[in-house]
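Colleague: I'd like to ask you about the structure that follows.
The values are calculated or read from the model by the stated rules, or taken from the named source; none is laboratory data. On a predicted model such as this, the values are computed, not experimentally measured, just so you know. Cβ sites come from the backbone with ideal geometry, for glycine too, and all protein chains shown count toward neighbours. Heavy atoms of the whole protein, side chains included, go into the accessibility calculation; ligands, DNA and RNA do not. Shrake-Rupley method; radii C 1.70, N 1.55, O 1.52, S 1.80 Å.
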Amino acid sequence: MSWKVVQQNSTNSSNVEIELEQTYSWMNNLGECKPLGGPNENLACVSTTCSIMPSISVRGKCVSYDVDLKLVVTKSTRSFTRALNSEMFLMYRKQNWSATISNASNRTNSLVTMIDLKTRTKTGQINSSPITSMPSVITLPINTQQVIRIPMIDTDGDIVKCRWATSSTTYYSTNIDECASACNRNSNFTLYTSSNLDNNCTLVVSVNSTSYYVIAIQIEDFLPAAPYHPSSSIPLQFIIRGIDDNNDSLPQIIGEFTNGVIITVSANTVFSTSIIAKTSSDQTKIIKFSSDMLPLGVTTTSSVIQQNASVYSAIFTWTPTVDQIGTKQLYCTIAFDYSNRQSTQYCLNFIVVEKTGE
């Protein structure tokens, strides 16, 4: 879940319109890409933080379908209105984890986002949450240590940190269960974050069996003047799947820019780059590049282009807009081969500046 204020000038009104985006993954036996989420499956507002709340459905349209995993990914965007300077916690706790998840012992799930609509003292603006995205399932070879970068950006320019979700987190005297059975994390997984503006969140994992493991993280933004009190909190939960495979056989993204590089782009100017992936053998093919984090605005990614027997590419294109000047944007992608093996995540960081004269 992530959210933003629709119009910042709503500070002149007693109510604020919020746009909430939800993305869910469903493991099932469906043989098609179709909307999911039952008609009575809604977000609930934690009773201690709001009394009357409109019904917010979790149902979304299908945006991708994995035939091998029988995995449907749905996405929805809905708007609702709340009082200025109010605060609430929205929770989804109805569906269960799949029985294949090894560390979700009692299978219950919980997802929580905190929305705080107080105006900022310096700017008079209302906060919007950070944005993040990860693949629903990350496939990793067993008996190897892997480093996974969790992409995080914040359009307000706040400090963004990540932490493990917990079953008992206190926000301003309100106790929240953020992850239910997903709180039972594996001892071989370690999460690192930073306390400055580089928005670093890194997960180091060692998978020792061909199992599925759930990762439950909260991502929060902080004002530099108040580094210990989050302005908002959003959930990120995904699955790590261990496979008995040689690490050398995984595809690799090798260019055109170095992974994690910071690129300055001008507003109203087209940015385009080749995303290049290499396979371990001529018999293996890259079938897709999955873009799990895109810059805000209009972006396009071409179909996969085969350069030679083991090198494949796709063209990523984006035109930043004038209203994005001064913001940080993030693009992340993963290459998949025909056996559903994945590369490590490849990310480009952008800073949008005003276009200078010729």
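Colleague: If you check Glu41, Glu21, which single one turns out to be more than 19 Å from Val6 (Cα to Cα) and among the acidic types (Asp, Glu)? Steps first, answer last, please.
Modeller: On the way: Glu21 fails: more than 19 Å from Val6 (Cα to Cα).
It is Glu41.
Colleague: Under the condition of being open to solvent by 30 Å² or more (accessible area, probe 1.4 Å) and among the aliphatic types (A, V, I, L, M), which residue from segment 278-296 is modelled with the lowest pLDDT?
Modeller: Only one residue tops the list, namely Leu296.
Colleague: How many residues does segment 186-207 contain that are at pLDDT below 80 and open to solvent by 40 Å² or more (accessible area, probe 1.4 Å)?
Modeller: Total meeting the criteria: 4.
Yes/no per residue for (1) in contact with a helix residue (DSSP H, G or I) (Cβ under 7 Å, 6 or more places away or on another chain); (2) assigned to a loop (DSSP other than H, G, I, E, B); (3) not β-branched (Val, Ile, Thr):
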residue	(1), (2), (3)
Leu90	no, no, yes
Ser98	no, yes, yes
Gly124	yes, yes, yes
Ser128	no, yes, yes
Pro135	no, yes, yes
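Colleague: Condition test on Pro235, is it open to solvent by less than 20 Å² (accessible area, probe 1.4 Å), more than 30 Å from Val112 (Cα to Cα) and either at pLDDT 90 or above or part of a loop (DSSP other than H, G, I, E, B) (or both)?
Modeller: Working: open to solvent by less than 20 Å² (accessible area, probe 1.4 Å): yes; more than 30 Å from Val112 (Cα to Cα): no; either at pLDDT 90 or above or part of a loop (DSSP other than H, G, I, E, B) (or both): yes.
For Pro235, the condition - open to solvent by less than 20 Å² (accessible area, probe 1.4 Å), more than 30 Å from Val112 (Cα to Cα) and either at pLDDT 90 or above or part of a loop (DSSP other than H, G, I, E, B) (or both) - is not met.
Colleague: Name the pairs whose Cβ atoms lie under 8 Å apart, with the first residue in segment 333-358 and farther than 18 Å from Glu256 by Cα and outside any loop (DSSP other than H, G, I, E, B), the second small (Gly, Ala, Ser) and open to solvent by 60 Å² or more (accessible area, probe 1.4 Å), and 6 or more positions between them or separate chains?
Modeller: That search, which allows pairs on different chains as well, returns Val352/Gly326; Val353/Gly326.
Colleague: While we're on this one: Give the residues of segment 132-185 that are aromatic (Phe, Trp, Tyr), under 22 Å from Cys50 (Cα atoms) and open to solvent by 30 Å² or more (accessible area, probe 1.4 Å), sorted by residue number.
Modeller: First, pick out the residues of segment 132-185 that are aromatic (Phe, Trp, Tyr): 164, 171-172.
Okay, now just the ones that are also under 22 Å from Cys50 (Cα atoms), so 171-172.
If the condition is that a residue be aromatic (Phe, Trp, Tyr), under 22 Å from Cys50 (Cα atoms) and open to solvent by 30 Å² or more (accessible area, probe 1.4 Å), then Tyr172 is the only one that fits.
Colleague: If a residue has to be crowded, with 17+ Cβ neighbours inside 10 Å and either among the polar types (S, T, N, Q) or closer than 29 Å to Asp158 by Cβ (or both) to count, how many in segment 297-346 make the cut?
Modeller: If we filter segment 297-346 for residues that are crowded, with 17+ Cβ neighbours inside 10 Å, which is where we start, we get 301, 304, 310, 312-314, 316, 318-320, 324, 327-337, 341-346.
Remaining after also requiring either among the polar types (S, T, N, Q) or closer than 29 Å to Asp158 by Cβ (or both): 301, 310, 313, 316, 318-320, 324, 327-334, 342-346.
Total meeting the criteria: 21.
Colleague: Select from segment 47-70 the residues that are within 17 Å of the chain's Cα centre (by Cα) and open to solvent by 10 Å² or more (accessible area, probe 1.4 Å) and list them in ascending order.
Modeller: Here is the first cut: in segment 47-70, the residues within 17 Å of the chain's Cα centre (by Cα) are 58, 60, 62-64.
Hits for segment 47-70 are Cys62, Val63, Ser64.
Colleague: I'd like the full set of residues that are among the polar types (S, T, N, Q) and either assigned to a loop (DSSP other than H, G, I, E, B) or at positive phi (or both), limited to segment 254-292.
Modeller: Taking segment 254-292 and keeping what is among the polar types (S, T, N, Q), we get 258-259, 264, 266, 268-269, 272-274, 279-281, 283-284, 290-291.
Residues satisfying the conditions are Thr258, Asn259, Asn268, Thr269, Thr279, Ser280, Ser281, Gln283, Thr284.
Colleague: Any residue at all in segment 97-109 that's in contact with a Ser or Thr (Cβ under 9 Å, 6 or more places away or on another chain), at pLDDT below 85 and on the phi > 0 side of the Ramachandran plot?
Modeller: Here is the first cut: in segment 97-109, the residues in contact with a Ser or Thr (Cβ under 9 Å, 6 or more places away or on another chain) are 97, 100-109.
If we keep only those that are at pLDDT below 85 too, we end up with 97, 100-108.
Add one more test, that the residue is on the phi > 0 side of the Ramachandran plot, and what stays is 107.
Yes, segment 97-109 has at least one match.
Colleague: Of all residues in segment 107-131, count the ones that are open to solvent by 10 Å² or more (accessible area, probe 1.4 Å) and either within 30 Å of Ser211 (Cβ to Cβ) or among the β-branched types (Val, Ile, Thr) (or both).
Modeller: 8
Colleague: Right, next: Here is a check on your reading of the model: is Thr317 over 28 Å from Leu203 (Cα atoms) and not in a loop (DSSP other than H, G, I, E, B)? Write out each step before concluding.
Modeller: Values: over 28 Å from Leu203 (Cα atoms): yes; not in a loop (DSSP other than H, G, I, E, B): yes.
Considered against the rule, which asks whether it is over 28 Å from Leu203 (Cα atoms) and not in a loop (DSSP other than H, G, I, E, B), Thr317 comes out as yes.
Colleague: Let me confirm something: among Thr264, Thr269, Thr258, which residue is more than 30 Å from Ser110 (Cβ to Cβ), in contact with a strand residue (DSSP E or B) (Cβ under 6 Å, 6 or more places away or on another chain) and either in contact (Cβ under 8 Å) with a residue 12 or more places away in the chain or open to solvent by 20 Å² or more (accessible area, probe 1.4 Å) (or both)? Write out each step before concluding.
Modeller: Working: Thr269 fails: in contact with a strand residue (DSSP E or B) (Cβ under 6 Å, 6 or more places away or on another chain); Thr258 fails: in contact with a strand residue (DSSP E or B) (Cβ under 6 Å, 6 or more places away or on another chain).
Testing whether each residue is more than 30 Å from Ser110 (Cβ to Cβ), in contact with a strand residue (DSSP E or B) (Cβ under 6 Å, 6 or more places away or on another chain) and either in contact (Cβ under 8 Å) with a residue 12 or more places away in the chain or open to solvent by 20 Å² or more (accessible area, probe 1.4 Å) (or both) leaves just Thr264.
Colleague: Starting from segment 76-101, take each residue that is within 23 Å of Asn175 (Cβ to Cβ) and open to solvent by 80 Å² or more (accessible area, probe 1.4 Å) and list its partners that are at pLDDT 85 or above and hydroxyl-bearing (Ser, Thr, Tyr), counting only C-beta distances under 6 angstrom and pairs at least six apart or across chains.
Modeller: Partner pairs satisfying both residue conditions: Arg93/Ser110.
Colleague: With open to solvent by 50 Å² or more (accessible area, probe 1.4 Å), more than 24 Å from Asp177 (Cα to Cα), acidic (Asp, Glu) and at pLDDT 85 or above as the only criterion, which of Glu17, Glu32, Glu21 stands out?
Modeller: Working: Glu32 fails: at pLDDT 85 or above; Glu21 fails: more than 24 Å from Asp177 (Cα to Cα).
Of the residues listed, the single one that is open to solvent by 50 Å² or more (accessible area, probe 1.4 Å), more than 24 Å from Asp177 (Cα to Cα), acidic (Asp, Glu) and at pLDDT 85 or above is Glu17.
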